[in-house]
1. First measure r as the distance between the Cβ atoms of L126 and D40, then evaluate 1/(1 + (r/R0)^6) with R0 = 22 Å and state the FRET efficiency to the nearest 0.05.
2. Any chance you could look up the accessible area of K205 with a 1.4 Å probe, heavy atoms only, rounded to 10 Å²?
3. Among the listed pairs K51/K150; K41/K156; K51/K205, which have their C-alpha atoms separated by more than 28 angstrom in this model?
Amino acid sequence: MKSLRNLTLLIAASLLCLTAACRRDDDSSRVFLAEVRSVDKLVLAQMTISKMATIDDLRLEDADGLKQAVEALGDAVKIGSRKGAYSYDTYMQAYIDMSAFSENDVDIDRESRTISMTLPPVQTELAGRDPGIREDHYRVTGLRSDIDSKERAEIKEKMNTALRAEIDRNPAFRDRLMEQARAKARAYFQSLGEAEGYTVTVDFKN
């Protein structure tokens, strides 16, 4: 994946070439298109989403089946308390697939020094998560057993499942990230054009 810095250099070189009239007018859009498409995936914004969960004694009313009921009864008679709070981060990013950018999506007018661009739609994806979980609170007293690695792994998977379901149900995460990405893309391409004396108009496909 190429960075914004690489794209800046490519497009700046392309615009400089246009400004210096080193290409025929018919080739202007083609030159610009080639530089922009070479980036493929342009990541514009990233969001960190945190999730927290606790490990606590299983209450009898929450037990599912006989085995858990027996465990809940055993916990109830043990001396002491047992509780841990854990959290971890998942990362979501917004990007544009620049390989879908075609010659019909850019118009460069050297006379009026304007560039009109219609970019591919902004997309989002989950871009990984922390390998481990943070221990925000831990308290085990009396005769209670320690919270082991198996329990921590199970709670992490439960957090991950719950987080993905929450993201699917609530579009606010994606909407906010996509709006940030669109604003950054507009500002980015406009600033590149202005540096070479061009006014850039940026729209997006649905």
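The values are calculated or read from the model by the stated rules, or taken from the named source; none is laboratory data. The structure presented is a predicted model; accordingly, all values stated were derived computationally and were not measured. Quick reminder, even Gly has a Cβ in these numbers, built from the backbone with ideal geometry, and neighbours come from all protein chains shown. Remember, those area values only see protein heavy atoms, side chains included, never the ligands or the DNA or RNA. Shrake-Rupley method; radii C 1.70, N 1.55, O 1.52, S 1.80 Å.
1. Working: r = 19 Å, r/R0 = 0.87.
Computed FRET efficiency for L126 and D40: 0.70.
2. Solvent-accessible area, nearest 10 Å²: 80 Å².
3. Details: K51/K150 19 Å; K41/K156 30 Å; K51/K205 33 Å.
Flagged as over cut-off: K41/K156; K51/K205.
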